[in-house]
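Below: one structure, written as structure tokens.
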Amino acid sequence: MKHLIEIYGWPLTTFFSACVGLWLAILIVAPQFFMAELSLRFEDRGDRLTQTVNDLDVLYRHKGTMEYDLEHGPACNTMGMINPMMTDDSSCAQLGVEGKLRLEQQILETEDLIQSLLVEEQNLKEIKAQQYPYSVKNYTAMTGLHAWTLTKTVVFALTVTLIALAACYPVAYALALRSGPVKTAILFTALFVPYAVNELMRIYAWLTVFDLHGLLNTLLAIVGFAALASDEVIVWYRFPGTVLVVLVYTYILFMVFPIYNTMATLDPNQVEAARDLGAKTWRIHWRIIIPHTKPGIAVGCIMTFMLAAGSFSVPHIITRGLQPKWFTQLIYDKFFESSNWNLGSAYSFTLLLICILFILAIMAIFGVKLRQLAR
Amino acid sequence: MKTETMSRSDVMLNVFIGMFVMFMFLPLMLMVMAAFNSASPPSVTDWQELTLAWFPRLAEEDRLIGCLQNSFRIAVFVVPASVLLGLSAAILLTRLEGRATNVLYAFLISPMLTPGIVLGIATIVFWRNFGVAADLFTTILAQTAFIASFPMLIIMARLQRQDRFQEEAALDLGASPFFLFRRITLPFLLPAIVSSAALAFLMSFENYNTTVFSIGGSCTLTTEIAAQARKAHTPVINALGVIFVAVTLMFSVIYTLRKQWEK
């Protein structure tokens, strides 16, 4: 810190520290902390407090209707209860004096009921406030179906990572060590374009392949296994395999570039020397290239896994509602459909934990430190 | 004998690379081709008529254009914020030493390694406590949280190559720290700052997973594309895809040529 102030002076040093502090506190740590905190608060939707709140809601609405009827005459009223089936019935044309009295009586009774429920609500709230608010119920409440979805997502993400690693290592090797400068430049550009094209567009492009009258079904029709005119075609969107293919396609290049970047720093003379000394190809890879490339492989695996496991775009566009929801879609529903943020936070935090575990595992397997990762 | 087997493995490698590049390009090429076919839903197999009609249709998509404007509105805040935060963090991390720096470093790159949807969710959960509903504002914060890590790494890489004696010499000659930063450090970092701003813009503009979870009822270009792509399959989106591919291709070629030329 002293060194920093010596060079940049205390006003600038304070400014930089404040910026980093804000970033760290407000954008990174606090949001994650609050999400974790929310995930530990179980919102029991069937408990007495929730029921009381719902009952109160119904009573308020009922009372409002009756008061309206008393003032303007009933739309259609029998014993103070609205009956939509009787809208055209003549019996609900006018309220007699007797009817008005009865209605006033009912409003008073409803009022009493509301008062007693308000007291109960207050009591229940106090009891709840005294209770310890945290539990792991949001995590243990995951149903079998959702747990299966999570497992499937993780297995798919692992598969995507393995496929990407197997395919990208040779590509990076060719790019970094087996081609001249011109070939490298051309190949690099050829791979950079699909890498940089918008993620959604790359996913969307696959619809042309998987559509009912798309490329795959047309090819099948040519061979005679499908008939386009009578719609005797395969609905590819039904198969989880389509999601896997598109996941691989969308995130595979996040494996190529980190591996290429570290492999390109290897001195080719080292490989030549090993070959001259009689080392076999696999041995050169195993003893020279792979050890040197470890940090890049680790970064590639981490990025690919994280992107595949956390992908919302691929299942959202590709499944077209024809497959069971993916884990990220379940999380989306918890927030924006059924609006249970507590449970959604728990699911989201579970996904985060899985990614952290994966990073730790990769760092242990490849023996790399965090500092080596992002370069 | 030995060279023969080596060349055979090279041939196999080349075939594999060729297939890999094909795999990467085929879907994009199909999407581009279908944009020039009058058939709807877009198709390459049911070829009807060569047409450019789908491109003018983009201008009629009012909602899409509104969402595009939102994308720019977000980027206008995300880019300067990310570069400023990244620059500050790069300077602190380069100049500070000790174990605490490693911990700080781990925290500051953690958003890059966090699934995008988790960042979006954490942001809206946090701001709900202050009565702030999910909108462009929360998206700006959620995006900045992870985009700032990239400028940090780019600027750090350049700072590490800086000649520290230059700064010390300037100080010895009586330069004020502020003068030093403005006249020596900033100009030295300028290339890194420019490229990290460009990267930050692209990342903000193209982001989907974080944005869709943090934007609430509003939209950006990407969320709108996804919404339309899920609902329907129309050649108008293919036309938009052609624009995306063309722009990307142009920039990649310019970038590669410049790099070659600099060598």
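Rounded to the nearest 20 Debye, what is the dipole magnitude of the protein assembly as shown about its Cα centre when Lys and Arg each give +1 and Asp and Glu each give -1 at the C-beta?
3360 debye
Could you report the accessible area of residue A:61 in Å², rounded to 10, computed with a 1.4 Å probe on the protein chains as they sit in the structure?
150 Å²
Just going by the charge dipole of chain B, with Lys and Arg at +1 and Asp and Glu at -1 on Cβ, which of B:143, B:226, B:72 is farthest out on the positive end?
B:143
Could you work out the helix-only [θ] at 222 nm for chain B, with each DSSP H run of four or more residues adding -39,500 (n - 2.57) and the total divided by the number of residues, to the nearest 500 deg cm²/dmol?
Roughly -25000 deg cm²/dmol at 222 nm, from the helical runs in chain B.
Taking θ as phi - 60°, what are the ³J(HN,Hα) couplings along segment A:188-205 by the Karplus curve (6.51, -1.76, 1.60), each to the nearest whole Hz, with x for Gly and Pro?
Result, ordered by residue: 4, 5, 4, 8, 6, 4, x, 5, 8, 5, 3, 3, 5, 5, 5, 6, 4, 4 Hz.
Work out how much length residue A:102 to residue A:294 would gain on full extension: take 0.36 nm times their residue separation and subtract the Cα-Cα distance, in nm to one decimal.
Here the answer is 60.7 nm.
Run the helix sum for chain A: -39,500 (n - 2.57) per DSSP H stretch of 4+ residues, divided by residue count, reported at 222 nm to the nearest 500 deg cm²/dmol.
The per-residue figure over chain A is -23000 deg cm²/dmol.
Using only the heavy atoms of the protein chains and a 1.4 Å probe, how would B:31, B:112 rank by accessible area, largest first?
In descending accessible area the options line up as B:112, B:31.
Pick from A:190, A:174, A:18 the residue whose mean-square fluctuation is largest in a GNM of chain A, springs joining Cα atoms under 10 Å.
Among A:190, A:174, A:18, the largest GNM mean-square fluctuation belongs to A:18.
Between segment A:240-271 and segment A:89-161, how far is it from one alpha carbon centroid to the other, in angstrom?
Their Cα centres are 51 Å away from one another.
Is any residue of segment A:26-41 close enough, with backbone N under 13 Å, to a label point placed 7 angstrom from the Cα of residue B:107 along the Cα-Cβ axis, and if so, which?
The answer is A:26-33, whose backbone nitrogens lie closer than 13 Å to the label point.
Using a 1.4 Å probe and counting only protein heavy atoms, arrange A:285, A:3 so the residue with the most accessible area comes first.
Per-residue accessible area, sorted high to low, gives A:3, A:285.
Please give the residues from segment B:201-250 for which the solvent-accessible area of heavy atoms, probe 1.4 Å, is smaller by at least 50 Å² with all protein chains in place than with the chain isolated.
Residues of segment B:201-250 that lose at least 50 Å² of accessible area once the other chains are added: B:206, B:208, B:209, B:213, B:229, B:230, B:233, B:248.
Over all residues in B:91-97, what is the mean tally of Cβ atoms on other chains that come within 10 Å of each residue's Cβ?
The mean count of partner-chain Cβ atoms within 10 Å per residue comes to 5.
About its Cα centre, what dipole magnitude does segment A:187-293 give when the only charges are +1 on Lys and Arg Cβ and -1 on Asp and Glu Cβ, stated in debye to the nearest 20?
Using only the charged Cβ atoms, the result is roughly 400 debye.
Using only the alpha-carbon atoms, how far is helix A:327-336 inclined from the longest principal axis of chain A? Give it as 0 to 90 degrees, nearest 10.
Value to nearest ten degrees: 40.
Over the heavy atoms of residue B:50, what accessible area does a 1.4 Å probe trace out, to the nearest 10 Å²?
Its accessible surface works out to 140 Å², give or take rounding.
Using amide H atoms built 1.01 Å from N in the peptide plane, name the residues 5+ places from residue B:37, or on other chains, whose amide H lies under 5 Å from its own.
Under 5 Å from the amide H of residue B:37: B:51.
If I ignore ligands, DNA and RNA and count only protein heavy atoms, how much of residue B:206 is accessible to a 1.4 Å probe, in Å² to the nearest 10?
Probe radius 1.4 Å; accessible area of residue B:206 about 40 Å².
Starting from segment A:260-340, pick out the trypsin sites (Lys or Arg not before Pro) whose DSSP state is loop and whose Cβ has at most 12 other Cβ atoms within 10 Å.
A:280
Under a crude label model (7 Å from the Cα following the beta-carbon direction), how far is residue B:72 from residue A:182 in nanometres?
Reported label-point gap for residue B:72 and residue A:182 is 4.2 nm.
Using +1 at the Cβ of each Lys and Arg and -1 at the Cβ of each Asp and Glu in the protein assembly as shown, identify which of B:41, A:72, A:21 lies farthest towards the dipole's positive end.
Value: A:21.
Can you find, among A:305, A:30, B:12, the residue farthest towards the positive end of the dipole of the protein assembly as shown? Put +1 on the C-beta of Lys and Arg, -1 on that of Asp and Glu.
The residue sitting most towards the positive pole is B:12.
What's the center-to-center distance, using Cα atoms, between segment A:1-59 and segment B:137-216 in Å?
Between the Cα centre of segment A:1-59 and that of segment B:137-216, the gap is 25 Å.
Other chains near A:333-346: what is the mean number of their Cβ atoms within 10 Å of each residue's Cβ? Don't skip to the answer; put the middle values down first.
Values: counts 0, 1, 7, 5, 0, 0, 0, 0, 4, 1, 0, 3, 4, 0.
Mean inter-chain Cβ contacts per residue within 10 Å come to 2.
Taking only protein heavy atoms into account and a 1.4 Å probe, give the accessible area per residue of segment A:204-312 in Å².
With all protein chains present, segment A:204-312 gives 43 Å² per residue.
For the peptides A:137-145, B:137-145, what is the packing order when you average, over each peptide's residues, the other Cβ atoms within 10 Å and list the highest mean first? Intermediate values should be presented prior to the final figure.
Details: A:137-145: 13.3, B:137-145: 26.4.
Descending mean neighbour count gives B:137-145, A:137-145.
Give, rounded to the nearest 20 debye, the magnitude of the charge dipole that segment B:63-233 has about its Cα centre when Lys and Arg contribute +1 at Cβ and Asp and Glu contribute -1 at Cβ.
My answer is approximately 320 debye.
May I ask you to list the residues of segment A:42-73 whose amide nitrogen lies under 20 Å from a point 7 Å from Cα along the Cα→beta-carbon direction of residue A:131?
Label zone hits: A:42-57.
Along segment A:350-361, what does the Karplus equation 6.51 cos²θ - 1.76 cosθ + 1.60 (θ = phi - 60°) give for ³J(HN,Hα), rounded to whole Hz, x for Gly and Pro?
4, 4, 4, 4, 4, 5, 5, 4, 4, 4, 4, 4
Skipping prolines and chain starts, which residues have an amide H placed within reach, meaning under 5 Å, of the one on residue A:42, given they are 5 or more residues away or on another chain?
The answer is A:135.
Rounded to the nearest 10 degrees, what's the angle between the helix A:30-39 long axis and the longest principal axis of chain A, both from Cα atoms, 0 to 90?
50 degrees
Average partner chain C-beta neighbours within 10 Å, per residue of A:13-24?
Mean partner shielding for this stretch: 6.
For the pairs A:137/A:334; A:183/B:259; A:294/A:369; A:294/B:259; A:152/A:325; A:183/A:294, note any where the Cα-Cα span goes beyond 22 Å. Don't skip to the answer; put the middle values down first.
Values: A:137/A:334 16 Å; A:183/B:259 14 Å; A:294/A:369 11 Å; A:294/B:259 27 Å; A:152/A:325 11 Å; A:183/A:294 25 Å.
The pairs that break the limit, which is 22 Å between Cα atoms, are A:294/B:259; A:183/A:294.
Which whole-number percent gives the relative contact order of segment A:143-373, counting Cα pairs below 8 Å spaced six or more residues apart?
With pairs under 8 Å counted, the relative contact order is 27 percent.
Can you grab the distance from the C-alpha centre of segment A:283-332 to the C-alpha centre of segment A:163-187, Å, no decimals?
20 Å
Whole-Hz Karplus ³J(HN,Hα) for segment B:180-189, in order, using 6.51 cos²θ - 1.76 cosθ + 1.60 and θ = phi - 60°, x for Gly and Pro?
Listing the rounded values in order: 4, 5, 6, 9, 10, 5, 4, x, 5, 7 Hz.
The values are calculated or read from the model by the stated rules, or taken from the named source; none is laboratory data. Here the structure is a predicted model, which means the values were calculated and not measured. Don't worry about glycine lacking a Cβ; one is built from the backbone with ideal geometry, like all the others, and counts go over all protein chains shown. Note: accessible area is taken over every heavy atom of the protein model, side chains too, but ligands, DNA and RNA are not part of it. Shrake-Rupley method; radii C 1.70, N 1.55, O 1.52, S 1.80 Å.
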